[in-house]
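Everything on this sheet refers to the single structure shown next.
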């Protein structure tokens, strides 16, 4: 069984194109008592169709549509490896990560300031991710078990080997620079 991370389609597109190299998350309604954590370091990107996503990003486009319905077919096209994850409590560090994501400053500030589900106001989870394109897209049929406001879903339909031979979306030498810059921003001072 493989794990997938649910994220807005526009963010999945930015990760897939190399325009975004981090995932920022506060948590979903169904994350449990302790709230969200980057519980997996290897996962597939599961695009969601949340209707207001383009209002929360600086670039990228998404045609609003209703969320997936039972029986809809969708594709998993990318895999991500979380190289490290931290919880940042310094807004200046979060703001310094702007070149590595497409969220608006207002969206991040709202998430940073939000309190609930095990997360204090003034914090946000950050993961530096290496994204790779699958050799073959995986077509799945949506069912209710994928629904709800949760970040992680288990996907028995995806073999563990599906990410083998996937191709990184950012060349090694370029990604090493990006990773070093993100690490420098996120490191304790």
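The values are calculated or read from the model by the stated rules, or taken from the named source; none is laboratory data. These numbers come from a predicted model, not from an experiment. Neighbour counts are summed over all protein chains in view; Cβ atoms, including those assigned to glycine, are modelled from backbone coordinates with ideal geometry.
Would you tally the residues in segment 95-118 being out of contact with any strand residue (DSSP E or B) (no Cβ under 8 Å at 6 or more places or on another chain) and more than 21 Å from residue 174 (Cα to Cα)? Spell out how you get there, then give the answer.
Residues of segment 95-118 that are out of contact with any strand residue (DSSP E or B) (no Cβ under 8 Å at 6 or more places or on another chain), as a first pass: 95-96, 98-99, 105-106, 109-110, 113-118.
Remaining after also requiring more than 21 Å from residue 174 (Cα to Cα): 95, 105-106, 109-110, 113-118.
Number satisfying all stated conditions: 11.
For the list (1) closer than 26 Å to residue 166 by Cα; (2) free of Cβ contacts under 8 Å to residues at least 60 places away in the same chain; (3) within 19 Å of the chain's Cα centre (by Cα), I need the number of the one condition that residue 135 fails.
Against the list (1) closer than 26 Å to residue 166 by Cα; (2) free of Cβ contacts under 8 Å to residues at least 60 places away in the same chain; (3) within 19 Å of the chain's Cα centre (by Cα), residue 135 comes up short only on (3).
Tally up the residues in segment 99-125 that are in contact with a helix residue (DSSP H, G or I) (Cβ under 6 Å, 6 or more places away or on another chain), surrounded by fewer than 16 Cβ atoms within 10 Å (Cβ to Cβ) and in a strand (DSSP E or B), please.
The number of residues fulfilling the criteria is 0.
Every residue, every condition in (1) outside any strand (DSSP E or B); (2) surrounded by 15 or more Cβ atoms within 10 Å (Cβ to Cβ); (3) touching a strand residue (DSSP E or B) at 6+ places or on another chain (Cβ under 8 Å); (4) modelled with pLDDT of 90 or more, yes or no:
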residue: 127; (1), (2), (3), (4): no, yes, yes, yes
residue: 132; (1), (2), (3), (4): no, yes, yes, yes
residue: 136; (1), (2), (3), (4): no, no, no, yes
residue: 139; (1), (2), (3), (4): no, no, yes, yes
residue: 145; (1), (2), (3), (4): yes, no, yes, no
residue: 154; (1), (2), (3), (4): no, no, yes, no
residue: 161; (1), (2), (3), (4): yes, no, no, no
residue: 165; (1), (2), (3), (4): yes, no, yes, no
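For the list (1) assigned to a helix (DSSP H, G or I); (2) surrounded by 15 or more Cβ atoms within 10 Å (Cβ to Cβ); (3) more than 16 Å from the chain's Cα centre (by Cα), I need the number of the one condition that residue 176 fails.
(2)
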